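Note sheet for the following structure.
The values are calculated or read from the model by the stated rules, or taken from the named source; none is laboratory data. Just so you know, these numbers come straight off a predicted model, no measurement behind them. Ideal geometry is used to build each Cβ from the backbone, glycine not excepted, and the neighbour counts take in all protein chains shown.
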Amino acid sequence: MAQVIGRYSKTIYAALGAVGFVALIDTSMISPVIAAYARALNADAFWAGLIAGSYSIVAIPMIVLAGYLSDVIGRRRAMVMGLVGDLFAMALYAVSPEPSTLLAARILHAVFDSFIVPSALALIGDLFSKGVGRPLSFFWIFVALAIVIGSGTSAGLVAALGFRAVYLVIGVLVAASLIATLKGLPAPPASRTSMRGEARIGGAHARRVAVSMIGILSMYLLIGGIVGTLPTILIDRFGFDERGAAAQIGFFMAVSTAVSIPIFPVSARLAGRRTPIVPLIIGLLASMTTALALEFGAGLTITRILSAIVFGLSLGTIIFSSSYLVVTLPREVRGLGSGLNQSASLLGVALGAPLTSLYVATVGWTGVFILFGAMPPLVAALLVLAVWREMVRELKE
């Protein structure tokens, strides 16, 4: 049952939806166009790649630190800090005269963006206690909507109004989310334990965080392979041109993300009636199925469509259940646990794309999705099953 009820609950839900939407609308709109924007500012290929990749390089460690800081300084304060910093980063993106300034904007964006999702996840745990399923699924629905809308509109916006229009639109959305946060979200006090710097994740809580991270890491390794290597396979093995291959990847991710939207509330029901371990196992099996389908049928249109649909099931169940495990940690370590969970998703893509590309370049395409797509979720599922009873016991306490 929610700790905050009555007339405040609608305001809180609206604010959570706004934060969830803006948390991913910026990266989903910027990522497809940032390298081209760098080239428009006379960056060479190296600088364009560095600027595009610097976000993940900075965000992977920063999101863990930001989650910990939300335990120390409070959730809403951390979110406000992130949103204000994002506004500054958008302004710097828009006025960047040359590549080095654009790189600075990209780094600042990664730093401040890292505060938003871990703080929001931890705040859901603070406000809704053990009844986190519904608000958590609500939050992730808006994140998924942001990915679908953002990735589908940025290229058209650039074509119609130029690169700076992207940052203007994002800035307006961030400002609206900041207002919603200040007006709609209460500020639970920071834990005294965490304020003294004594909070630790150990024992059973460490096991829960590890399961959360392993589950989401295994899925994002596959995403890295899909984004980084599937285009090469479509071009070299099945005769696609570059634009056609890129369109196939965009279609795959758009379909899977759209399919995940109704899966989030279904996962919440499963977690409430049973445990979050159930949707997690379902998601891992769906991830394995997707990888095997791509391994043996990537050249078939029907296989790519069906695998995208199945992968939507994986997205909705694994993202929800892995975040559920950390959101229900003790309050003094919820932020840190949420930061670790989110760092695993960034790390998965950061490792999956180059490792699968290296494998294809040195070994060939045979087995790439088995090794980097099917095997990690299989290992994760076995590990989860090994600690199933202990996890269920702890979650019910």
Pairs please, first residue from region 210-223 and in the same structural domain as Val384 (by TED's automatic domain parsing), second anywhere and aromatic (Phe, Trp, Tyr) and in a helix (DSSP H, G or I), Cβ atoms under 6 Å, 6+ apart in sequence or on different chains. Leu221/Phe372
Scanning region 120-162 for residues that are of a type in the set (Ser, Thr, Tyr) and assigned to a helix (DSSP H, G or I), the one modelled with the highest pLDDT turns out to be Ser137
Pick from region 279-288 the residues that are touching a residue at least 40 places away in the same chain (Cβ under 8 Å) and over 17 Å from the mean Cα position of the chain (by Cα): which of them is surrounded by the fewest Cβ atoms within 10 Å (Cβ to Cβ)? Leu285
Which members of region 232-268 meet the condition of being closer than 21 Å to Thr366 by Cα and hydroxyl-bearing (Ser, Thr, Tyr)? Thr232
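The rows are residues; the columns are (1) within 19 Å of the chain's Cα centre (by Cα); (2) polar (S, T, N, Q).
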site: Glu295; (1), (2): no, no
site: Thr301; (1), (2): no, yes
site: Ile305; (1), (2): no, no
site: Val310; (1), (2): yes, no
site: Leu315; (1), (2): yes, no
site: Phe320; (1), (2): yes, no
site: Val326; (1), (2): yes, no
site: Val333; (1), (2): no, no
So, of the residues in region 26-35 that are small (Gly, Ala, Ser) and part of a helix (DSSP H, G or I), which turns out to be nearest to the chain's Cα centre (by Cα)? Ser28
Checked Leu178, Leu161, Leu103 against criteria (over 25 Å from Ile57 (Cα atoms), in contact (Cβ under 8 Å) with a residue 40 or more places away in the chain and in the same structural domain as Met81 (by TED's automatic domain parsing)); the one match is Leu178
Which members of region 124-170 meet the condition of being touching a Leu at 6+ places or on another chain (Cβ under 6 Å) and surrounded by fewer than 21 Cβ atoms within 10 Å (Cβ to Cβ)? Ala165
Test: residue in region 88-107 that is out of contact with any Asp or Glu (no Cβ under 8 Å at 6 or more places or on another chain), surrounded by 24 or more Cβ atoms within 10 Å (Cβ to Cβ), of a type in the set (Phe, Trp, Tyr) and closer than 18 Å to Leu340 by Cβ: no
Being under 23 Å from Leu145 (Cβ atoms) and assigned to a helix (DSSP H, G or I) is true for just one of Gly82, Gly67, Gly49. Which residue is that? Gly82
Filter result for Ala38 (in a helix (DSSP H, G or I) and either over 22 Å from Ser343 (Cβ atoms) or out of contact with any helix residue (DSSP H, G or I) (no Cβ under 9 Å at 6 or more places or on another chain) (or both)): yes
Looking at Ile73 and the list (1) of a type in the set (A, V, I, L, M); (2) within 26 Å of Ala15 (Cα to Cα); (3) in contact (Cβ under 8 Å) with a residue 40 or more places away in the chain; (4) crowded, with 23+ Cβ neighbours inside 10 Å, which single condition is not satisfied? (4)
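This table checks each residue for (1) closer than 19 Å to Val255 by Cα; (2) touching a Lys or Arg at 6+ places or on another chain (Cβ under 6 Å).
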residue	(1), (2)
Ala110	no, no
Ala122	no, yes
Ser137	yes, no
Ala144	yes, no
Ala159	no, no
Show the residue pairs meeting these rules: Cβ distance below 6 Å; 6+ apart or different chains; first residue within region 323-339 and assigned by TED's automatic domain parsing to the domain that holds Ile116; second residue of a type in the set (Val, Ile, Thr) and buried (at least 22 other Cβ atoms within 10 Å of the Cβ). none
Looking only at region 170-188, decide whether some residue is touching a Gly at 6+ places or on another chain (Cβ under 8 Å) and either at pLDDT 95 or above or at negative phi (or both). yes
May I ask you to verify whether Thr366 is crowded, with 24+ Cβ neighbours inside 10 Å, more than 11 Å from the chain's Cα centre (by Cα) and at pLDDT 90 or above? no
One residue from Leu92, Leu50, Leu69, Leu83 being over 21 Å from Gly152 (Cα atoms) and out of contact with any Ser or Thr (no Cβ under 9 Å at 6 or more places or on another chain): Leu50
